[in-house]
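Asker: Okay, here's the structure, questions in a sec.
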Amino acid sequence: MKKTKTNTAARAAMEANAKARLLAAAALAPAEVLKQYEVGPEGHTADKVEPLREAFGENKITRHKGDTAAKRLLRAFTDPFALVLLVLAVISFITDVVLAPPGQQDPWSVIIVLTMVFISGMLQFVQESRSSQAAERLSEMVETTIAVRRAGTGVQELPIDEIVVGDIIVLAAGDMVPADLRVLQAKDLFVGQSSLTGESEPVEKFADAREADGKEPLEMDDLAFMGSNIVSGSAEALVVNVGDNTIFGSIAQQLVAKKPPTSFEKGINSVSWLLIRFMCIMVPVVFILSGWHSGNWLDAFLFALSVAVGLTPAMLPTIVSANLAKGAVALSKQKVIVKSLNSIQNFGGIDILCTDKTGTITQDKVVLMYSLDIHGNEDERVLRHAFLNSYYQTGLKNLMDVAILNYAAEHHENDEWKEYCKVDEIPFDFARRRMSVVVQDKGGKTQLITKGAIEEMLAVCNYAEYQGKVEPITPELRKEIEEQVTGYNNDGLRVLGIAQKTNPSPAGAFSVEDESDMVLIGYLSFLDPPKESTAEAIKALNQYGVGVKILTGDNDAVTRAVCKQVGLKVDRMLLGADIEKMTEQELENQAEEVEVFAKLSPQQKVRVVAALRSKGHTVGFMGDGINDAAAMRQADVGISVDTAVDIAKESANIILLEKNLMVLEQGIIEGRKTYANIIKYIKMTVSSNFGNMFSVLAASVFLPFLPMLPIQLLVLNLIYDISCIAIPWDNVDPEFLLVPRKWDTTSISKFMFWMGPTSSVFDITTYLALYFVLCPMLVGGQFHTLGAAGQAAFIALFHTGWFVESLWTQTLVVHMIRTPKIPFIQSRASWQLGLFTTVGIVVGTIIPYTPLGAILDMAPLPAVYYPVLLGIVLAYIVLVTVVKKAYVKKYKELL
């Protein structure tokens, strides 16, 4: 307790100190902040970095303490089923050992139950550890970096955990804020900090000092905080706090708390508690009936406990963990990071994949093809203006900026172009869809140079350079420009407009309002070719029942051309302007029918995804840009690539480390295999347990003794549970994988009521054969005519016969229920499952002939028993096949 109080006090002191540092920095002018932190405008020198790291700590958040080996081990043994078994073990220990008369103590029931708990818990622990290690190994391949200015090396990209207090950070749109920062310079800087404050709208940040008295750090608009992201604009900022000393670090436990359960987790939990409630209802019934009929209430109580153990699907958590871990490991071999194991099952459930166009279905290398004047002629002057715009902007350099700079470097000696002096810039944002820089040449001439989408450029241009003269843009000229651009778009080329304005506003006063009355001087046309794997991936996804929809901010003509190249048929297309006019209900109706959406804003992408989900679809969204992050969060599964901006990778559940989109097919297959093998075990266990209840109730009514000893029932369940361990490695029918699967708990109860009584028919048949035919024939008379020794032999033979029959039918039903086809002929289990079930049957059949059988009060079965057993098993297989076919015919599916 004393240590806890000490830690709490130390933490409070550390938080107070960190808060004071932030407020002190916020109240100082940028130059004063640099002076206080003893850092020059060029950043830290190399010799200061390590001492500062030692003084203030690493830039890492201490989190996920619950995922230690000890915590995982404890969690493995404290799931609902393990707790039920442990309670039963304690009760059994009291009744069989503590309260038993001297010489009659029997610890075997306790040992067997604890063995079941141990096997289930250890397997779950091993599988969770295995999947966790695989995720950690893959996570090391993805490294988030940030631009840092340091003396001697200039601006360089460094991993965010290497930055130290006093570092100067260069921020651009798409960056995650790597620490708590004091803004030194800002240009139209908007930061999304909803994860910290709950504000949905981005907050503008400034460099000027602010009054800090009586305020909280999050209220200061000259501070930026770890955990937020740059929505638009650019800035330079100084690191004030790192790691656990940040605001994010102080509330990290809340931010990384367990997320609300997914539909998959809810489904698993509902099944778990359904079985536990079923057990709580039926076990007292068995106890009362057995005690009333036999008169031995202690034996009835022990038998009821054993039934409770049998009804507890101890392996369910293990089967779920093993399936998810197996999927994660399989995908890791494809270089796919699964950030959340449950995403695997959701991945398999996708029936619609929405994807951005640029950088996802197209290559992440856009090529500049032409720099053209208004008439479509090559024009170096247009290229020069484009180069100056891309070279001097400090925001996020997108693929087209990179293409412009690469083209200029390859085709022109552009050193003289770099001799311009940058005056100011107006960063890109997704509302304007353009960006501007202000430059000045050696002669003092100042120019505002703007590039952006043609529609948005025409909105701010009143003039165009036409036939060597600056002419007003008349409706006729506007139409000519639009037709020229449409022609390029129809050829699959993306087009940006370039415009300029000479001697605009005075320096320091530039804003979006200056983007007006401009002169359009020409175009840039880019080739954005699709990835080689795109067409094949789309075809494969369609074969697996996944519809692909394109949601892009690009214009409709280019989008249509790219869709044609990758084999996507575009009958209809919705544009952002169309969606803006729609109600949510109208959009829901349209979203299902339309395959391609163009000229979308980030919020419109979110609306489309939400509309599809509201219609019952499981939606995946694949993107790599800032404008995709919100839609990825809205989707059931967010998918990104390693080259995506930080905020996109942060929003994703799945990250592809390689560009081959065929990995999507593998992910969906693994997800559906995971679902199939989990639902197999659940339906097998539920139907088997339900059938056993019928059998036990029937036996309790007409048998003058227990149908099986508690210890025998425990051994039977132990063998069955061990044989099920291999289910995660079972084969899945190819036909099952072709259709998306939703988690539906109602199908489980229907399956239970169909298949459970089917097994009971043959349990009761076995009762009748043993009680009226085999046992009297072998022991020498009906039960009520025998003496004490004869009745004991009769009971032992009956128990053994039902033990073996139950084991055979319960284990064989695994093969029957795993497929709607004819097992062993049309569909074969994996060798692992075949081996485990075969070994289980052999071991259970041999036990009566071993010393263990004697300990369990079993009797060796005569040869005449086995033809009867084979007849019952064959009839059982036939009936299950008939019932299975009828079930599939009625409900159109088995699993």
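Asker: Name the single residue that is farthest from Gly625 (Cα to Cα) among those in segment 556-572 being surrounded by fewer than 18 Cβ atoms within 10 Å (Cβ to Cβ) and of a type outside the set (Gly, Ala, Ser). Explain how you work it out, then say what you get.
Answerer: First, pick out the residues of segment 556-572 that are surrounded by fewer than 18 Cβ atoms within 10 Å (Cβ to Cβ): 564-565, 567, 569-572.
Those left that are additionally of a type outside the set (Gly, Ala, Ser): 564-565, 569-572.
Numbers: Lys564: 23, Gln565: 22, Lys569: 25, Val570: 24, Asp571: 27, Arg572: 25 Å.
Selected residue: Asp571.
Asker: Moving to a separate point now. Scanning segment 438-470 for residues that are of a type in the set (A, V, I, L, M, F, W, C) and out of contact with any Ser or Thr (no Cβ under 8 Å at 6 or more places or on another chain), which turns out farthest from Ala557 (Cα to Cα)? First the steps, then the outcome.
Answerer: Initial filter on segment 438-470 (of a type in the set (A, V, I, L, M, F, W, C)): 438-439, 448-449, 453-454, 457-461, 464, 470.
Then drop every residue that is not out of contact with any Ser or Thr (no Cβ under 8 Å at 6 or more places or on another chain), which leaves 453-454, 458-459, 461, 464, 470.
On the way: Ala453: 13, Ile454: 12, Leu458: 17, Ala459: 19, Cys461: 22, Ala464: 23, Val470: 28 Å.
Here the answer is Val470.
Asker: Oh, and also: Return the only residue of Gly227, Gly233 being in contact with a strand residue (DSSP E or B) (Cβ under 9 Å, 6 or more places away or on another chain), modelled with pLDDT under 85 and in a loop (DSSP other than H, G, I, E, B). First the steps, then the outcome.
Answerer: Details: Gly233 fails: in a loop (DSSP other than H, G, I, E, B).
From the options Gly227, Gly233, the qualifying one is Gly227.
Asker: Starting from segment 738-762, take each residue that is in contact (Cβ under 8 Å) with a residue 24 or more places away in the chain and list its partners that are open to solvent by 70 Å² or more (accessible area, probe 1.4 Å) and in a helix (DSSP H, G or I), counting only C-beta distances under 7 angstrom and pairs at least six apart or across chains.
Answerer: Partner pairs satisfying both residue conditions: Leu738/Gln543; Trp743/Ser263; Gly756/Phe694; Pro757/Phe694; Ser760/Phe694.
Asker: Looking only at segment 448-458, decide whether some residue is at pLDDT 90 or above, part of a strand (DSSP E or B) and farther than 25 Å from Met369 by Cβ.
Answerer: Among the residues of segment 448-458, at least one is at pLDDT 90 or above, part of a strand (DSSP E or B) and farther than 25 Å from Met369 by Cβ, which makes the answer yes.
Asker: Another one. From the list Leu774, Leu833, exactly one residue is in a helix (DSSP H, G or I), touching an Asp or Glu at 6+ places or on another chain (Cβ under 9 Å) and more than 24 Å from Phe278 (Cβ to Cβ). Which is it? Give the derivation first.
Answerer: Values: Leu774 fails: touching an Asp or Glu at 6+ places or on another chain (Cβ under 9 Å).
Every option except Leu833 fails the conditions.
Yes/no per residue for (1) part of a helix (DSSP H, G or I); (2) open to solvent by less than 10 Å² (accessible area, probe 1.4 Å); (3) not hydrophobic (A, V, I, L, M, F, W, C):
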{"residue": "Lys680", "(1), (2), (3)": "yes, yes, yes"}
{"residue": "Ser687", "(1), (2), (3)": "yes, yes, yes"}
{"residue": "Phe690", "(1), (2), (3)": "yes, no, no"}
{"residue": "Leu697", "(1), (2), (3)": "yes, no, no"}
{"residue": "Val701", "(1), (2), (3)": "yes, no, no"}
{"residue": "Pro707", "(1), (2), (3)": "no, yes, yes"}
{"residue": "Gln712", "(1), (2), (3)": "yes, yes, yes"}
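Asker: I've got another one for you. From Lys821, Lys885, grab the single residue that is open to solvent by 40 Å² or more (accessible area, probe 1.4 Å) and assigned to a helix (DSSP H, G or I). Spell out how you get there, then give the answer.
Answerer: Details: Lys821 fails: assigned to a helix (DSSP H, G or I).
On inspection, the qualifying residue turns out to be Lys885.
Asker: Could you count how many residues in segment 498-529 are outside any loop (DSSP other than H, G, I, E, B) and touching a Cys at 6+ places or on another chain (Cβ under 9 Å)? Give the steps one after another, and end with the answer.
Answerer: Within segment 498-529, the subset outside any loop (DSSP other than H, G, I, E, B) is 498-502, 512-514, 518-527.
Filter once more, keeping what is touching a Cys at 6+ places or on another chain (Cβ under 9 Å): 499, 518-520.
Residues in segment 498-529 being outside any loop (DSSP other than H, G, I, E, B) and touching a Cys at 6+ places or on another chain (Cβ under 9 Å): 4 in total.
Asker: Step by step: first the residues of segment 730-758, then only those that are polar (S, T, N, Q) and open to solvent by 20 Å² or more (accessible area, probe 1.4 Å), then the one that is modelled with the highest pLDDT. Which residue is that?
Answerer: Within segment 730-758, the match that is modelled with the highest pLDDT is Asn731.
Asker: If we scan segment 504-513, do we find a residue that is at pLDDT 85 or above, more than 43 Å from the chain's Cα centre (by Cα) and surrounded by 17 or more Cβ atoms within 10 Å (Cβ to Cβ)? Lay out the reasoning, then the answer.
Answerer: The first filter runs over segment 504-513 and keeps only residues at pLDDT 85 or above, leaving none.
So far as segment 504-513 goes, no, none of its residues is at pLDDT 85 or above, more than 43 Å from the chain's Cα centre (by Cα) and surrounded by 17 or more Cβ atoms within 10 Å (Cβ to Cβ).
Asker: Please find, within segment 212-244, the residue that is surrounded by the fewest Cβ atoms within 10 Å (Cβ to Cβ) out of those that are touching a residue at least 60 places away in the same chain (Cβ under 8 Å) and among the polar types (S, T, N, Q).
Answerer: Ser234
Asker: Taking segment 637-664, which residues are at pLDDT 85 or above and either of a type outside the set (A, V, I, L, M) or open to solvent by 20 Å² or more (accessible area, probe 1.4 Å) (or both)?
Answerer: Gly638
Asker: Tally time: how many residues in segment 848-857 are open to solvent by less than 10 Å² (accessible area, probe 1.4 Å) and at pLDDT 90 or above?
Answerer: First, pick out the residues of segment 848-857 that are open to solvent by less than 10 Å² (accessible area, probe 1.4 Å): 848, 853, 856.
Those still in the list that are at pLDDT 90 or above too: 848.
So the count comes out to 1.
Asker: Would you say Val495 is over 26 Å from Val460 (Cβ atoms), open to solvent by less than 20 Å² (accessible area, probe 1.4 Å) and in a strand (DSSP E or B)? So that I can check it myself, show each step before the final result.
Answerer: On the way: over 26 Å from Val460 (Cβ atoms): no; open to solvent by less than 20 Å² (accessible area, probe 1.4 Å): yes; in a strand (DSSP E or B): yes.
When the stated conditions are applied, Val495 does not pass them.
Asker: Let me ask something additional. Failed condition for Gly781, given (1) open to solvent by less than 40 Å² (accessible area, probe 1.4 Å); (2) modelled with pLDDT under 80; (3) outside any helix (DSSP H, G or I), with all others met?
Answerer: (2)
Asker: So, one more: So for segment 188-197 (the condition being among the polar types (S, T, N, Q), in contact with a Gly (Cβ under 8 Å, 6 or more places away or on another chain), within 29 Å of Leu656 (Cα to Cα) and open to solvent by 30 Å² or more (accessible area, probe 1.4 Å)), does at least one residue qualify? Even if it seems obvious, please write down each step before you answer.
Answerer: Narrowing segment 188-197 to residues among the polar types (S, T, N, Q): 193-195, 197.
Those still in the list that are in contact with a Gly (Cβ under 8 Å, 6 or more places away or on another chain) too: 193, 195.
With the extra rule that they be within 29 Å of Leu656 (Cα to Cα), the set shrinks to 193, 195.
Within this subset, residues satisfying the condition of being open to solvent by 30 Å² or more (accessible area, probe 1.4 Å) are 195.
Yes, segment 188-197 contains at least one residue that is among the polar types (S, T, N, Q), in contact with a Gly (Cβ under 8 Å, 6 or more places away or on another chain), within 29 Å of Leu656 (Cα to Cα) and open to solvent by 30 Å² or more (accessible area, probe 1.4 Å).
Asker: Give segment 573-612 a look and list any residue that's under 24 Å from the mean Cα position of the chain (by Cα), closer than 23 Å to Val641 by Cα and open to solvent by 30 Å² or more (accessible area, probe 1.4 Å), or say none.
Answerer: Listed by number, the residues that qualify are Pro602, Gln603, Arg607, Ala610.
Asker: For Val439, state whether it is touching a Cys at 6+ places or on another chain (Cβ under 8 Å) and either part of a loop (DSSP other than H, G, I, E, B) or not polar (S, T, N, Q) (or both).
Answerer: yes
The values are calculated or read from the model by the stated rules, or taken from the named source; none is laboratory data. Since the structure is predicted, the reported quantities are computational estimates derived from the model, not experimental observations. Positions of Cβ are generated from backbone atoms using ideal geometry, with glycine treated the same way; all protein chains shown enter the neighbour counts. Please note that ligands, DNA and RNA were not included when accessible areas were found on the heavy atoms of the full protein model with its side chains. Shrake-Rupley method; radii C 1.70, N 1.55, O 1.52, S 1.80 Å.
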